[in-house]
Amino acid sequence: MKILAILGSPRKGNSEMLLNEAIKLCSEKNYEINLIKACELNISGCTACDGCKDTGECIIHDDMDKIYPLLREANRIIIASPIFFFGVPAQLKLIIDRCQCFWYEKYVLKRPIPEKEFKRKALIMLVGGMKKGQIGVTCSEATLKAFLRTINVSEHRTISYLGYEEPGSLLKNYEVINDLKNAVIELLEND
Ligand SMILES: Cc1cc2nc3c(=O)[nH]c(=O)nc-3n(C[C@H](O)[C@H](O)[C@H](O)COP(=O)(O)O)c2cc1C
């Protein structure tokens, strides 16, 4: 099974810690795990040029060239991200927007990314600083859901934590680790 882990945070903060814990749990089995840190990539924004319209391939060449095959081949995707202004950070949004080529491939050219021996499933983990920031979870999840369906991941679960501002504050909560364990076990189930 191939697992793709995507980090949306530009800092060594709460979502990175969550992702590291999830990766640790996945490492207990012999899975191939790839980690992408959005802020370390050199990615231009989608220009809506429609260059991918007839082929399903983006005509801009940058670090997305190495991300496309990872998105295509993953059986499981784990996304960990902070909430920024009720949405996902710009670095992660750049990756998402550049998946417009998959949108054309799936919905116009009718060639969705195939599910091979395993069903494609995802786990979304969101962290926000605002204690009453549910709207940030709703908006970020909506963006990530649109992204996942476009890359033909038909199932996902979202876990979210609000009221965590300081890096590391999240993992002081034992319930979080327990929650995370259960979510990862569910993600790795084969069905
Ligand atoms: C630019 C910026 C925008 C933010 N916007 C929100 C927001 O809309 N809602 C919220 O709950 N928290 C917001 N926060 C707080 C972060 O989500 C919070 O600090 C989170 O723990 C950061 O996650 P990280 O440690 O993984 O980077 C914002 C933080 C920054 C830097």
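Leu109 - would you say it is within 19 Å of Ala22 (Cβ to Cβ) and either open to solvent by 30 Å² or more (accessible area, probe 1.4 Å) or of a type in the set (A, V, I, L, M, F, W, C) (or both)?
The answer is no for Leu109.
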Inset, instruction - Give the residue that is farthest from the chain's Cα centre (by Cα), with candidates limited to residues of region 41-100 that are open to solvent by 60 Å² or more (accessible area, probe 1.4 Å) and of a type in the set (Ser, Thr, Tyr). - result: Thr55
Inset, instruction - Starting from region 47-66, take each residue that is touching a residue at least 24 places away in the same chain (Cβ under 8 Å) and list its partners that are among the β-branched types (Val, Ile, Thr) and assigned to a loop (DSSP other than H, G, I, E, B), counting only C-beta distances under 6 angstrom and pairs at least six apart or across chains. - result: Met64/Ile43
Inset, instruction - Filter region 26-55 for residues that are in contact with a helix residue (DSSP H, G or I) (Cβ under 7 Å, 6 or more places away or on another chain), farther than 15 Å from Ile79 by Cα and of a type outside the set (Lys, Arg) and give the result. - result: Ile43, Gly45, Cys46, Cys52
Legend entry - Cβ-Cβ under 6 Å pairs, at least 6 apart or on other chains, region 92-121 side under 15 Å from Ser154 (Cα atoms), far side hydroxyl-bearing (Ser, Thr, Tyr): Phe102/Thr150; Trp103/Thr150
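Considering only region 108-140, state which residues are out of contact with any strand residue (DSSP E or B) (no Cβ under 9 Å at 6 or more places or on another chain) and of a type outside the set (A, V, I, L, M, F, W, C). First the steps, then the outcome.
Filtering region 108-140 down to residues out of contact with any strand residue (DSSP E or B) (no Cβ under 9 Å at 6 or more places or on another chain) leaves 108-117, 135, 138.
Selection gives Lys110, Arg111, Pro112, Pro114, Glu115, Lys116, Glu117, Thr138.
The values are calculated or read from the model by the stated rules, or taken from the named source; none is laboratory data. All of these numbers come straight from a predicted model, not from anything done at the bench. Methodologically, a virtual Cβ is constructed for each residue, glycine included, from the backbone with ideal geometry; neighbour enumeration extends over all protein chains shown. Areas reflect the complete protein model, heavy atoms only, side chains present, ligands, DNA and RNA absent. Shrake-Rupley method; radii C 1.70, N 1.55, O 1.52, S 1.80 Å.
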